[in-house]
Amino acid sequence: MTKLNNIKAAIIDLDGTMLDTAADFHVAVNRMRADLGLDPLAQETIVNFVGKGTENLIRRVLAVDYAEDEAAQYFQQALDAYTEHYLAINGDYSSLYPGVIEGLQAMKDQGLRLACVTNKPIAFTLPLLDKKGLRGFFEVVYGGDSLPKKKPDPMPLLQVCQDFGLAPAQVVAIGDSSNDAQAARAAGCRVLNVPYGYNHGESIHDVDSDGIVQTLLEAAQQISAD
């Protein structure tokens, strides 16, 4: 992989990139399903629904049991229950992936400006970053409901570029899914993917990117400010 040059900032995804939050989703979704009198789902099933925001997650979860019109009737009740359960356990069952702290520190040491952009609601995102000791690395944090559009739309990435006063070509997005890559390409940013996250059950090797890195530390080593 060719080193990415003239990079001044990195935009980093959260779920599946910095944190393995699959177990948090598993617990919160199944507590919500229990409230609705539904049977629990396997963690693997739930993880394949993750990545396009909470509303999409809830719709996918309800679609397991209900036709579309029926699911729509239960959507708000399910969303409210899920939100309550997720906030109650947010971060309790999740863990940092290897190399995350080291990678973020290496990027900071290189003088890169850092932003976290996730499709997770901001009310879930900020407490989770605090709980896991990540909040201090980031100048800017946007959740899936912080702006009118979320990834794979380029809007959140373009907003970060504007916040930092940088051209998109000077910014790299790092994530685990096609959402991250599509948003980055549409914004004109560079993109690196990690192979261990939740790419909707599909291989990350099929995603258009500037390279696959095994850890955020390896990502830091592939980025140059010069």
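The values are calculated or read from the model by the stated rules, or taken from the named source; none is laboratory data. Predicted model, so just to flag it, every value in this text is computed and none were measured. Please note: Cβ atoms are built from the backbone with ideal geometry, for glycine as well, and neighbour counts cover all protein chains shown. Heads up: the accessible areas ignore ligands, DNA and RNA and are worked out on the full protein's heavy atoms, side chains in. Shrake-Rupley method; radii C 1.70, N 1.55, O 1.52, S 1.80 Å.
Note on the stretch 36-57: residues that are of a type outside the set (S, T, N, Q) and within 13 Å of Asn119 (Cβ to Cβ) total 7. All conditions but one from (1) in contact with a helix residue (DSSP H, G or I) (Cβ under 8 Å, 6 or more places away or on another chain); (2) part of a loop (DSSP other than H, G, I, E, B); (3) not hydroxyl-bearing (Ser, Thr, Tyr) apply to Asp210; the one that does not is (1). Of the helices (runs of 4 or more DSSP H) contained entirely in the stretch 1-68, those carrying at least 3 residues that are in contact (Cβ under 8 Å) with a residue 24 or more places away in the chain and touching a strand residue (DSSP E or B) at 6+ places or on another chain (Cβ under 9 Å) fall at 22-35. Taking the stretch 139-177 as the range and being of a type in the set (Asp, Glu) and assigned to a helix (DSSP H, G or I) as the test, only Asp163 passes. Select from the stretch 102-138 the residues that are among the charged types (D, E, K, R), assigned to a helix (DSSP H, G or I) and in contact (Cβ under 8 Å) with a residue 40 or more places away in the chain and list them in ascending order. Those that are among the charged types (D, E, K, R), assigned to a helix (DSSP H, G or I) and in contact (Cβ under 8 Å) with a residue 40 or more places away in the chain: Glu102, Lys131. The residues of the stretch 45-87 that are open to solvent by 20 Å² or more (accessible area, probe 1.4 Å) and either closer than 19 Å to Leu14 by Cα or aromatic (Phe, Trp, Tyr) (or both), listed by number, are Val47, Asn48, Phe49, Gly51, Lys52, Glu55, Asn56, Tyr66, Tyr74, Phe75, Thr83, Leu87. Once the stretch 99-115 is narrowed to residues that are in contact with a helix residue (DSSP H, G or I) (Cβ under 7 Å, 6 or more places away or on another chain) and of a type in the set (A, V, I, L, M, F, W, C), the residue that is most open to solvent (accessible area, probe 1.4 Å) is Ala106.
Only a single criterion out of (1) without any contact (Cβ under 8 Å) to a residue 60 or more places away in the chain; (2) surrounded by fewer than 19 Cβ atoms within 10 Å (Cβ to Cβ) is not satisfied by Leu166, namely (1). Given the structure, is Tyr86 touching a residue at least 60 places away in the same chain (Cβ under 8 Å), over 24 Å from Gln170 (Cβ atoms) and part of a loop (DSSP other than H, G, I, E, B)? Considered against the rule, which asks whether it is touching a residue at least 60 places away in the same chain (Cβ under 8 Å), over 24 Å from Gln170 (Cβ atoms) and part of a loop (DSSP other than H, G, I, E, B), Tyr86 comes out as no.
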